[in-house]
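K.L.:
One structure, as structure tokens, below. Some questions next.
The values are calculated or read from the model by the stated rules, or taken from the named source; none is laboratory data. Given the structure is predicted, the values throughout are model-derived calculations rather than measurements. Note that we place each Cβ from the backbone using ideal geometry, even for glycine, and neighbour counts take in every protein chain shown.
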Amino acid sequence: MISTAPEIRSKMKPDIRDTLLTPRFWTTDFQELELLDTSVQEPAIKAVIQEFIADYNRKHFVRDDRFDHSFEKLSEEERKLFLAFLERSCTSEFSGFLLYKEASLRLRKNNPLLAEGFKYLSRDEARHAGFINRAMADSGLSLDLPHLTKFRKYTLIKPKFLFYATYLSEKIGYWKYILIFQHLEDSPEFIIHPLFNYFDNWCQDESRHGDFMGLVIKSQADWLNGTISRLQIRLFLLLFVLTTYFSGQKSSDFYNMIGMDVKEFDLSVLKKTNKEASKVFPIYLDLEHPQFVMLLDACVTNNKKLRSKKKLIGKLPFYILNCFNILRMYFIPIKESLPTGTVC
């Protein structure tokens, strides 16, 4: 949807096309969420909430004169790649805001501790989305966030899986931001926009959000123990590896533009997140297994071939191959975070 507002106002970008790799807009069963008993982790959860209250980044997201004319030095191709990155990032942050805001409102009567945590998470996500969208507006385009609120499709997910997903998403976000920042700190010639200078403190918000989610998960023994839960955890870990790796490969031109090798970057993000997840989940993936990356790359190759096929009959062999490769990854022996038989 292109705005017909005067030129001095930023045009609104058209709706984002839904794909498997597009950031999701989630909702959940809030009645079930109200009933969560997190008392075994209550002191730790309260400690994280105190960090939220301290709001260490309250004065961090302040624009300066580096943003003036920040898009003018970019080539048309650089501008296109950077705007696509901003769009993905803003959509992801805004979807988090909507979810966390609704949770904070729905839980405040019957589960005030979780409601308070979600209130601060929504504050941070709104701040991030607004900061990114304002950077987009400097180019003459921005996302119509109120329109997204009304017309995006929402995916219903059980609270258990919601916490699995948001924990992993926040921790992946942390490692992406900090690794990009560290790379650009070492190679400042690739800093194409001042937004990247904010990633150092920014990533700490993502890490604290992940800590909050991880503590809630650890408070629910039935989310961590038993054959079914372990199979579900294994599935979510693999799904996040696949979506992170595939979306990274799809955005490889952006990472090349800022001097990063996307495969090396994604594998580093995934390995660090996987290691950190072992502090919450009783199992984690063996990303060092010699077949794991080989199978990931085989799926990427198949995805490229899929895009060249127009008819289902032409796509079918590559869908089958990808399913087979993903199953092989799923059944690569997992690592145990805790001694066998330990109950979380």
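K.L.:
Can you tell me how many residues within region 46-88 are hydroxyl-bearing (Ser, Thr, Tyr) and touching a His at 6+ places or on another chain (Cβ under 8 Å)?
P.N.:
So in region 46-88, the residues hydroxyl-bearing (Ser, Thr, Tyr) come out as 56, 70, 75.
From the residues that got through so far, the ones that are touching a His at 6+ places or on another chain (Cβ under 8 Å) too are 70.
Residues that pass the stated criteria total 1.
K.L.:
How many of the residues in region 190-215 are aliphatic (A, V, I, L, M) and buried (at least 22 other Cβ atoms within 10 Å of the Cβ)?
P.N.:
So in region 190-215, the residues aliphatic (A, V, I, L, M) come out as 191-192, 195, 213, 215.
Now drop any that are not buried (at least 22 other Cβ atoms within 10 Å of the Cβ), which leaves 195, 213, 215.
Here the count works out to 3.
K.L.:
Same structure, new question: If you take the residues of region 148-189 that are among the β-branched types (Val, Ile, Thr) and crowded, with 19+ Cβ neighbours inside 10 Å, which of them is nearest to residue 103 (Cα to Cα)?
P.N.:
So the residue we want is 166.
K.L.:
Checking residue 247 against (1) under 28 Å from residue 211 (Cα atoms); (2) out of contact with any Phe, Trp or Tyr (no Cβ under 9 Å at 6 or more places or on another chain); (3) assigned to a helix (DSSP H, G or I); (4) at pLDDT 95 or above, which single condition isn't satisfied?
P.N.:
(4)
K.L.:
Here's another thing I want to ask about it. Taking region 255-277, which residues are in contact with a strand residue (DSSP E or B) (Cβ under 9 Å, 6 or more places away or on another chain), free of Cβ contacts under 8 Å to residues at least 40 places away in the same chain and surrounded by 18 or more Cβ atoms within 10 Å (Cβ to Cβ)?
P.N.:
Selection gives 274 alone.
K.L.:
Quick one: in region 308-321, which of the residues that are touching a Leu at 6+ places or on another chain (Cβ under 8 Å) and in contact (Cβ under 8 Å) with a residue 12 or more places away in the chain is surrounded by the most Cβ atoms within 10 Å (Cβ to Cβ)? Give the derivation first.
P.N.:
Within region 308-321, the subset touching a Leu at 6+ places or on another chain (Cβ under 8 Å) is 315, 318-319.
With in contact (Cβ under 8 Å) with a residue 12 or more places away in the chain added as a condition, the list becomes 318-319.
Numbers: 318: 19, 319: 12.
That would be 318.
K.L.:
Go through the residues of region 109-128 one by one and say whether even a single one is surrounded by 20 or more Cβ atoms within 10 Å (Cβ to Cβ), out of contact with any Pro (no Cβ under 7 Å at 6 or more places or on another chain), not hydrophobic (A, V, I, L, M, F, W, C) and not in a helix (DSSP H, G or I).
P.N.:
So far as region 109-128 goes, yes, one or more of its residues are surrounded by 20 or more Cβ atoms within 10 Å (Cβ to Cβ), out of contact with any Pro (no Cβ under 7 Å at 6 or more places or on another chain), not hydrophobic (A, V, I, L, M, F, W, C) and not in a helix (DSSP H, G or I).
K.L.:
Right, here's the next one. Name every residue in region 181-215 that is in contact with a Ser or Thr (Cβ under 6 Å, 6 or more places away or on another chain) and over 22 Å from residue 72 (Cβ atoms), in order of residue number.
P.N.:
Scanning region 181-215 gives a single hit, 213.
K.L.:
Within region 130-161, how many residues are modelled with pLDDT of 95 or more and within 16 Å of the chain's Cα centre (by Cα)?
P.N.:
Going through region 130-161 one residue at a time, the tally reaches 2.
K.L.:
May I ask you to list the residues in region 54-91 that are small (Gly, Ala, Ser) and either loosely packed, with under 14 Cβ neighbours inside 10 Å or assigned to a loop (DSSP other than H, G, I, E, B) (or both)? Steps first, answer last, please.
P.N.:
Here is the first cut: in region 54-91, the ones small (Gly, Ala, Ser) are 54, 70, 75, 84, 89.
Within region 54-91, 54, 70, 75 qualify.
K.L.:
Residue by residue through region 132-146, note down the ones that are assigned to a helix (DSSP H, G or I) and either hydroxyl-bearing (Ser, Thr, Tyr) or buried (at least 19 other Cβ atoms within 10 Å of the Cβ) (or both). Even if it seems obvious, please write down each step before you answer.
P.N.:
At the first step, the residues of region 132-146 found to be assigned to a helix (DSSP H, G or I) are 132-137, 145-146.
132, 133, 135, 136 - these are the residues of region 132-146 that are assigned to a helix (DSSP H, G or I) and either hydroxyl-bearing (Ser, Thr, Tyr) or buried (at least 19 other Cβ atoms within 10 Å of the Cβ) (or both).
K.L.:
Does residue 309 satisfy the criteria of being more than 24 Å from residue 170 (Cα to Cα) and part of a loop (DSSP other than H, G, I, E, B)? Lay out the reasoning, then the answer.
P.N.:
On the way: more than 24 Å from residue 170 (Cα to Cα): yes; part of a loop (DSSP other than H, G, I, E, B): yes.
Yes, satisfied.
K.L.:
Quick one: is residue 50 in contact with a Leu (Cβ under 6 Å, 6 or more places away or on another chain), closer than 15 Å to residue 215 by Cβ and among the polar types (S, T, N, Q)? First the steps, then the outcome.
P.N.:
Working: in contact with a Leu (Cβ under 6 Å, 6 or more places away or on another chain): no; closer than 15 Å to residue 215 by Cβ: yes; among the polar types (S, T, N, Q): yes.
So residue 50 fails the test.
K.L.:
Scan region 324-335 and tell me whether some residue there is farther than 30 Å from residue 185 by Cα and in contact with a strand residue (DSSP E or B) (Cβ under 9 Å, 6 or more places away or on another chain).
P.N.:
Narrowing region 324-335 to residues farther than 30 Å from residue 185 by Cα: 324-335.
Those left that are additionally in contact with a strand residue (DSSP E or B) (Cβ under 9 Å, 6 or more places away or on another chain): 334-335.
There is at least one residue in region 324-335 that is farther than 30 Å from residue 185 by Cα and in contact with a strand residue (DSSP E or B) (Cβ under 9 Å, 6 or more places away or on another chain).
K.L.:
Filter region 322-339 down to residues that are in a loop (DSSP other than H, G, I, E, B) and in contact (Cβ under 8 Å) with a residue 24 or more places away in the chain and give me whichever is nearest to residue 295 (Cα to Cα). Before you say what the answer is, go through the steps one by one.
P.N.:
Quick first cut of region 322-339, residues in a loop (DSSP other than H, G, I, E, B) only: 331-334, 337-339.
From what's left, in contact (Cβ under 8 Å) with a residue 24 or more places away in the chain: 332-334, 337-338.
Details: 332: 11, 333: 14, 334: 16, 337: 24, 338: 27 Å.
Within region 322-339, the match that is nearest to residue 295 (Cα to Cα) is 332.
K.L.:
Now for a separate question. When residue 149 is evaluated against the numbered criteria (1) out of contact with any strand residue (DSSP E or B) (no Cβ under 9 Å at 6 or more places or on another chain); (2) not in a helix (DSSP H, G or I), which criterion, by number, is the only one it fails?
P.N.:
Of (1) out of contact with any strand residue (DSSP E or B) (no Cβ under 9 Å at 6 or more places or on another chain); (2) not in a helix (DSSP H, G or I), only one is false for residue 149: (2).
K.L.:
Here's a follow-up. For residues in region 250-278 being more than 19 Å from the chain's Cα centre (by Cα) and either of a type in the set (Lys, Arg) or part of a helix (DSSP H, G or I) (or both), which is farthest from residue 227 (Cα to Cα)?
P.N.:
Among those that are more than 19 Å from the chain's Cα centre (by Cα) and either of a type in the set (Lys, Arg) or part of a helix (DSSP H, G or I) (or both), it is 257.
K.L.:
Also: Take residue 235 and decide whether it is touching a helix residue (DSSP H, G or I) at 6+ places or on another chain (Cβ under 8 Å), surrounded by fewer than 19 Cβ atoms within 10 Å (Cβ to Cβ), of a type outside the set (Phe, Trp, Tyr) and modelled with pLDDT of 95 or more.
P.N.:
yes
K.L.:
Here is a further query. Quick check on this structure: which one of 197, 201, 225, 256 is in contact with a His (Cβ under 7 Å, 6 or more places away or on another chain) and not charged (D, E, K, R)?
P.N.:
Checking each option against the conditions leaves just 201.
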